[in-house]
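Peer 1: Have a look at this one before I ask anything.
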Amino acid sequence: MLIQKSVCLRILTRSSYHASKIRAANFGTQAAASSLPEPYAPSSFRLNDNDEYAPVDWNNLGFGLMRTDYMYMMKCGNDEEFEFKQGEISPYGNVELSPSAGVLNYGQGLFEGTKAFRRVDGGIFLFRPEENAIRMQIGAERMCMPSPSVRQFVSAVKQTALANKRWIPPPGKGSLYIRPLLIGSGPVLGLAPASEYTFLVYASPVGNYFKEGTAPLNLYVEDEFHRAARGGAGGVKTITNYAPVLKAISKARDRGFSDVLYLDSVNKRNIEEVSSCNVFIVKGNTLSTPATNGTILKGITRKSVMEIAYILGYEVEERCISIEELMEADEVFCTGTAVGVAPVGSVTYKGSRIDYKLSSPLVSEKLYSRLIAIQNGVVPDTQRWMIQID
Ligand code: COI
């Protein structure tokens, strides 16, 4: 079913409406996001403008964990009626857990990924962190966990970014990837929700996610392993969606592929998602991406790219996309917080490899340039996606 421009617009409007309802309940409006109270952070953790950068080779950042200075932690247990109270910044380090913690035994956990950017004028900005907060709340409901309010989530992300300011790469060299985690930390033996929850935030400076850098990806279409099934938890960012794809990824990487594209588990015919990111196809002036029906993560970069594409005059559709359609597309690309917007050079399915014509400028390049320009403050942030935190 083709979704025409007006219908697609309705989809965008509907989801914005849903998001704003949750936001109103927890946080106020987008305008309120820019006026968060000053973060709670002991003054010894503050960095002033003269502080130096951390000792990092900023020209060769990949996507690996670099130990930074501080992390954030906030707990809630049933003695407090499952409400998160005041969290705090502490030196980065190991976390103590019971061997019978819910997260260790039954995988009761969620994570998020968001980024902080340093601009040429020195300003530090977050990209749409309230979207991550809302997504964590939706995921927490699915996983029977209490979640931080949007205000608590955004404040924690802000504090973590500022406490680790010297690790935020120079403008244009990368970003500080911020990883919020929500875990069932209380002990449990019988299968049940944990009795205590911990919200943690840590950060690491990052560059390109793939070792290919910005070069086109070579994807392997997996028809044996599936990422998610109807009725499962593929639509939320639970930690349990990620370990099961490691086998498929490592098999594909051993054969020289960048990552794996999964098919739907019922018909093995429609494309769903790549291990670490969402996928789009381009045909003529139309961008299409698999509709999120519970098996596909509602990516924040996916949503942002759809909005940018619409503004740039493309038709935008969310719908079922068959593997045959993917193979006949003009262009294919991936989106994700970690990945950014990455062009796909080839797709291999059942032994046949399709190489896409990569004539510049690619649609994905145009979209990514606009996204980066918004993040770096080079074009006006008309959507009010960026929050200045310093
Ligand atoms: C992100 O893009 O933030 C993700 O969570 C993907 C992860 C596999 C690195």
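We did not get these values from a lab; they are worked out from the coordinates using the rules stated. These numbers come from a predicted model, not from an experiment. Quick reminder, even Gly has a Cβ in these numbers, built from the backbone with ideal geometry, and neighbours come from all protein chains shown.
Peer 1: At 7 Å along the Cα-to-beta-carbon direction for both residue 225 and residue 189, put a label point, then send me their distance in nm to one decimal.
Peer 2: According to this spin-label approximation, the distance is 3.4 nm.
Peer 1: Normalised by the number of residues in the chain, what is the relative contact order in percent for Cα pairs under 8 Å and 6+ residues apart?
Peer 2: About 18 percent, as a whole number.
Peer 1: For residue 285 and residue 382 in one chain, what is 0.36 nm times their gap in residues minus the Cα-Cα distance, to one decimal in nm?
Peer 2: Gain in length upon complete extension: 32.6 nm.
Peer 1: Please report the net charge: other residues with Cβ closer than 14 Å to the Cβ of residue 219, K and R +1, D and E -1.
Peer 2: -2
Peer 1: Given a Förster distance of 30 angstrom, what is the FRET efficiency for residue 97 paired with residue 149, based on the Cβ-Cβ distance and rounded to 0.05?
Peer 2: The formula returns an efficiency of 0.80 here.
Peer 1: So, counting K/R as plus one and D/E as minus one, what does the shell of residues with Cβ under 11 Å around residue 359 add up to?
Peer 2: Every neighbour counted, the sum reads -2.
Peer 1: Roughly what would the spin-label model give for residue 330 and residue 266, points 7 Å off Cα along C-beta, in nm?
Peer 2: Once both label points are built, they end up 3.1 nm from each other.
Peer 1: Now, a different point. What ranking of 301, 348, 214 emerges when the number of other C-beta atoms within 10 Å of each C-beta is taken as an exposure proxy, fewest first?
Peer 2: 214, 348, 301
Peer 1: Divide by every residue of the chain the summed helix terms, -39500 (n - 2.57) for each DSSP H run of at least 4, and state the resulting mean residue ellipticity at 222 nm, rounded to the nearest 500 deg cm²/dmol.
Peer 2: So the calculated ellipticity at 222 nm is -7500 deg cm²/dmol.
Peer 1: Okay, moving on. Please compare each pair in 211/298; 75/115; 268/350; 298/366 to a cut-off of 20 Å on the Cα-Cα distance and tell me which ones are over it.
Peer 2: Flagged as over cut-off: 211/298; 75/115; 298/366.
Peer 1: How large is the direction-averaged shadow of the alpha-carbon convex hull of segment 267-390, in nm²?
Peer 2: 8.5
Peer 1: If I build a Gaussian network model for the chain, linking alpha-carbon pairs within less than 10 angstrom, which residue out of 379, 274, 339 has the largest mean-square fluctuation?
Peer 2: The residue with the greatest mean-square fluctuation here is 379.
Peer 1: Output needed for segment 34-206: three equivalent-ellipsoid semi-axes, defined as square roots of 5 times the C-alpha gyration tensor eigenvalues, in descending order, whole Å.
Peer 2: Square roots of five times the eigenvalues give 30, 16, 15 Å.
Peer 1: Among the trypsin sites (Lys or Arg not before Pro) in segment 133-241, which ones are in a DSSP loop with at most 14 other Cβ atoms within 10 Å of the Cβ? Mind listing them?
Peer 2: Counting only loop positions with at most 14 other Cβ atoms within 10 Å, the trypsin sites (Lys or Arg not before Pro) in segment 133-241 are 211, 230.
Peer 1: In straight Cα distance, which aspartates and glutamates are under 16 Å from residue 357, not counting same-chain residues fewer than 8 positions off?
Peer 2: 325, 328, 330, 331, 365
Peer 1: In addition: With a length cut of 30 Å (Cα positions projected on each helix's long axis) and a Kyte-Doolittle mean of at least -0.5, go through the chain and give me the DSSP H helices that pass.
Peer 2: Result, helices passing both filters: 5-26.
Peer 1: Over the Cα atoms of the chain, what radius of gyration and what Dmax do you get, in Å?
Peer 2: Computed over the Cα atoms of the chain, radius of gyration and Dmax are 20.6, 60 Å.
Peer 1: Separation between the residue 105 and residue 90 pseudo-spin-labels, each 7 Å from Cα along Cα→Cβ, expressed in nm?
Peer 2: That separation, rounded to one decimal, is 2.3 nm.
Peer 1: Could you pull the Cα extents of segment 185-291 along its three principal axes, largest to smallest, in whole Å?
Peer 2: 52, 38, 32 Å, listed from the longest principal axis down.
Peer 1: Per-residue counts of other Cβ atoms within 10 Å, averaged by peptide: what ranking do you get for 93-101, 175-183, highest first?
Peer 2: Answer by packing, highest mean first, reads 175-183, 93-101.
Peer 1: Give the residue list of trypsin sites (Lys or Arg not before Pro) in segment 339-390 that are DSSP loop and have at most 15 other beta-carbon atoms within 10 angstrom.
Peer 2: 350, 357, 384
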